Every structure is written in structure tokens, then in C-alpha cells.
Amino acid sequence: MVSRLFAAICSTSGHAATAGSAECALPRRHEVGATGQEPLTWALNTHLPAIVCRKFTRSRIVAFSTGNIYGLVPATGGGSLETDPRADWRIRHELSGRERMLEHFSLTQGTKVGLIRLNYACDLRYGVLVDLAQKILVGAPVDLAMSWFNTIWQGDANAMTLRCIERVASPPLLLNLTGPELLNVRETCEKLGQLLGRKPVFVGMESPTALLSNARRALNWFGQPRVSARPVDRVGRRLAAPRRTDPEQAHAF
């Protein structure tokens, strides 16, 4: 499906000069199924944004990036700010490449762009909280090497992202998007364990640093998320509910 979408967009890229002025939103970078498809992953994450920018030169473009573009920072520092440098790691090159392509066309064409560095969207069906809860349910060990994380409810992330269309700019707007709190993995798992009636199993040593973002700018613009910054109760109760009638269904969604 992704390959066909990429091919379809490439086939129309020769008509860039006819670009309109409608708003455009680029999806999140390609991750799922990337193993063994590294060339396609790079094409989707770096070449595809270039095609979109050439096609929609006068559009306002909001594109998802990632807070993982920063390096590890102390958990006591509140997280990385938009003005902090990108991490100069090999694993970050592809992440940076997506942003650089959008920056290039914003600067050379005047296209107004917003780069949304998201860390990490969660829902009742997916996200870091669900991942942790499912590990606890099946008794799988939780690694404490990355001891802290950010998260934001998917609906809040969507709402704030759409409002960024009004704030795109050239050079591009850079915006961290996540919840207002830094969550500790051990404490979160212990809370989830109480809700699920299971004792979490931990491995590894806790670290004082993590991949964290500071979303103060976004929160000042758009206000606090409508869903609690600590949606642990909501996720825990959702995962615990099937176990009341059928323990085999505890992680079957």
C-alpha cells in the first residue's frame, strides 16, 4: 500500500508548477515494516517530502517529525527545546533528512511549513502506555534503561496539529508536541500493575537521561491537553476490563 502511494505521487510530481494553495498535512515518518525496506523508508521520509513541496508550493504544510531527533537529556532538565540542536547520530540521519528537505523547499520556494516534533501519541489501542501495560499482563520484563518518557493523548495531538496550520512559516515553524509532564517508567508500571492486578517485572538499570521534549511553547499557544497528562488510569482500566470476563482477551486488541 505504501509503495503504491509513493509511486502514485511520484507519477504526478512533474506538475509541480500547478500547485494550489490548499492546506497539506504530511503523515508521520515511515516506521512500520521498515526492516528490510531501508531504501523505501528513506525515500518515503526524505524524497517524498520534496515531491510534496514541489507539488504544493503555495500550500501551508504541517509535517510530523519526531522528538527523537534530539539527543539524550537529563530528566531533571525538563526536556529538549525547539532551539536545541539535532543529535549528530547515524540513527538520526534519516529523521533529520525529512526535516532538512522541508526546510530546503521552505527557504527556496517560500513555502510555509510547520515541523511537529511529536513525543509520543497514545490511545487506548496503541502507544507507550499500552506497550507497558501489555508487558505487565503477560509477565514480560520492562527494561528500565530508558527510564523517563513523554506522552500525549492522540486526540489532543491531532487538535493541536491542525491548529498549527495557522502558524506555519518560512523558515519553518519548529514545535515540540507532547504532554506537560515527564513520566517515570517504574512509577507508571507500578500504577498500571495495581490497575491490572499484576506485579511488573523490571530489568536493567535506571538512567538519569532520556529522550524527552519540552512542549512549553505549544502548551502556551494551545493550552493544556483536554485529556489528563497522566492517562494511566484510562489505559489501565481499558486493558483490565476484558480480564473480568475473559483473561485470554487481556491483550487481544
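Which one is surrounded by the fewest Cβ atoms within 10 Å (Cβ to Cβ), of the residues in the stretch 38-70 that are without any contact (Cβ under 8 Å) to a residue 60 or more places away in the chain and not in a helix (DSSP H, G or I)?
Among those that are without any contact (Cβ under 8 Å) to a residue 60 or more places away in the chain and not in a helix (DSSP H, G or I), it is R58.
When only residues in the stretch 213-247 that are basic (K, R) and in a helix (DSSP H, G or I) count, which is modelled with the lowest pLDDT?
Looking only at the stretch 213-247, we keep the residues that are basic (K, R), and these are 216-217, 226, 230, 234, 237-238, 243-244.
After this cut, where a residue has to be in a helix (DSSP H, G or I) as well, the list is 216-217, 234, 237-238, 243-244.
Values: R216: 96, R217: 97, R234: 75, R237: 76, R238: 77, R243: 51, R244: 45.
Only one residue fits best here, namely R244.
So, in the stretch 138-164, of the ones that are over 18 Å from the mean Cα position of the chain (by Cα) and among the hydrophobic types (A, V, I, L, M, F, W, C), which residue ends up surrounded by the most Cβ atoms within 10 Å (Cβ to Cβ)?
Ranking the qualifying residues of the stretch 138-164, first place goes to V142.
Quick grid of which residues meet (1) modelled with pLDDT under 90; (2) of a type in the set (S, T, N, Q):
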{"position": "R58", "(1), (2)": "no, no"}
{"position": "T66", "(1), (2)": "yes, yes"}
{"position": "Y70", "(1), (2)": "yes, no"}
{"position": "R86", "(1), (2)": "yes, no"}
{"position": "R92", "(1), (2)": "yes, no"}
{"position": "L102", "(1), (2)": "no, no"}
{"position": "Q109", "(1), (2)": "no, yes"}
{"position": "L115", "(1), (2)": "no, no"}
{"position": "L124", "(1), (2)": "yes, no"}
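The values are calculated or read from the model by the stated rules, or taken from the named source; none is laboratory data. Small disclaimer: the values here were computed from a predicted structure and weren't measured. Reconstructed Cβ throughout: ideal geometry from the backbone, glycine too, with neighbour counts over all protein chains shown.
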